[in-house]
Amino acid sequence: SREIIDGMPMNKKDFEVLEEAGWDGNEERAREKTNSSVNMTRGDLETLCGKRWLNDVVINSYIELLVERTKHVKTYPSCYNLGTHFFTKLLKTQCDYQSVKRWTRKVDVFSYNILLVPLNIGSHWALAVVDFTKSRISYYDSIGSSDDTLLRLIITWLEEEHLNRKEVARDFSTLTIHTPGATVPQQSNQYDCGVFVCQYCNEITQGYEGQFEFRQRDIPYLRVKIALQLLKGKVTC
């Protein structure tokens, strides 16, 4: 039989996972350590409770699960997550390539269809996406910003990365800059930005085309869904 929690269809096994973790949306009962492959502490999981700002561990861990899912579905684009700390360093050093060179020392980012770049801007989360298949770089922000300054930093980094890894110069200024602003789902509070970033990534890694399929009203359900998937260590839908 199926039941509903915060608008989310749940089966018996799902409830068992949440109950074992002490999950009821109350930060006082979030578990101290998950049994999945995702390494999180109680404090990390607590950020999914109620009106909390998601931390970098939750966002990185969830995006990594999404990236792992793409490896098992042939119709999904190949994706790589640069992680939440990458852009923080890039911004702090005003695109000093040497300061972020180590991030990609073991990977060829140009071999992927999509690069996911979660952005920590002060006390706000947003998302940049480089889509090589569409020759496009996008900025998704749940408070409606359409400033392309941050994207231009990433373009500069792409050029230096290509020169360093491929030993051939390439002009990435030809990428179409896509800043949809407030036309993407928007938050109506000060604390849900991280959940929006997670859901943007969820849909983009499935080959998102057109309009995103979630709204602010879905966020309580998405917080529970993300918690469940992190506890299981797997994203299936």
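Determine the distance separating the Cα centre of the range 172-186 from the Cα centre of the range 104-142; give it in Å without decimals. The two parts, judged by their Cα centres, are 12 Å apart.
Of the listed pairs Lys89/Lys134; Lys51/Lys74; Lys71/Lys166; Lys166/Lys232; Lys51/Lys92; Lys92/Lys225, which have alpha-carbon separations greater than 31 Å here? Walk me through the numbers before you get to the answer.
Working: Lys89/Lys134 27 Å; Lys51/Lys74 36 Å; Lys71/Lys166 25 Å; Lys166/Lys232 38 Å; Lys51/Lys92 29 Å; Lys92/Lys225 33 Å.
Violating the 31 Å Cα-Cα cut-off are Lys51/Lys74; Lys166/Lys232; Lys92/Lys225.
Sorted largest first by accessible area at a 1.4 angstrom probe radius, with every protein chain in place, the residues Phe214, Phe110 fall in the order Phe110, Phe214. To put it simply, the accessible area of the range 119-237 at a 1.4 Å probe is 46 percent carbon and sulfur. When Rg and Dmax are taken over the Cα atoms of the range 135-229, they come to 16.0, 48 Å.
A simple rule links phi to the HN-Hα coupling: the Karplus curve 6.51 cos²θ - 1.76 cosθ + 1.60 with θ = phi - 60°, which for the range 57-68 gives 5, 5, 5, 4, 5, 5, 4, 5, 5, 5, 4, 4 Hz, with x for Gly and Pro. Between Tyr76, Cys49, Ile59, the Cα set farthest toward the positive side of the dipole of the range 37-83 (charges on each charged residue's Cβ, about the Cα centre) is that of Tyr76.
Leaving ligands, DNA and RNA out of it, rank Ser61, Ser135 by accessible area with a 1.4 Å probe, largest first.
Working: Ser61 20, Ser135 60 Å².
Largest to smallest exposure gives the sequence Ser135, Ser61.
Send over a whole-number figure in Å² for the accessible area per residue of the range 64-175, probe 1.4 Å. On a per-residue basis, the range 64-175 sits at 48 Å². A full extension of the chain between Thr183 and Val73 corresponds to an added length of 36.7 nm, given 0.36 nm per residue minus the alpha carbon distance.
The values are calculated or read from the model by the stated rules, or taken from the named source; none is laboratory data. Since the model is a prediction, treat every value here as computed from it, not as a measurement. Heads up, the Cβs are rebuilt from the backbone with ideal geometry, glycines too, and the neighbour counts pull from every protein chain shown. Areas reflect the complete protein model, heavy atoms only, side chains present, ligands, DNA and RNA absent. Shrake-Rupley method; radii C 1.70, N 1.55, O 1.52, S 1.80 Å.
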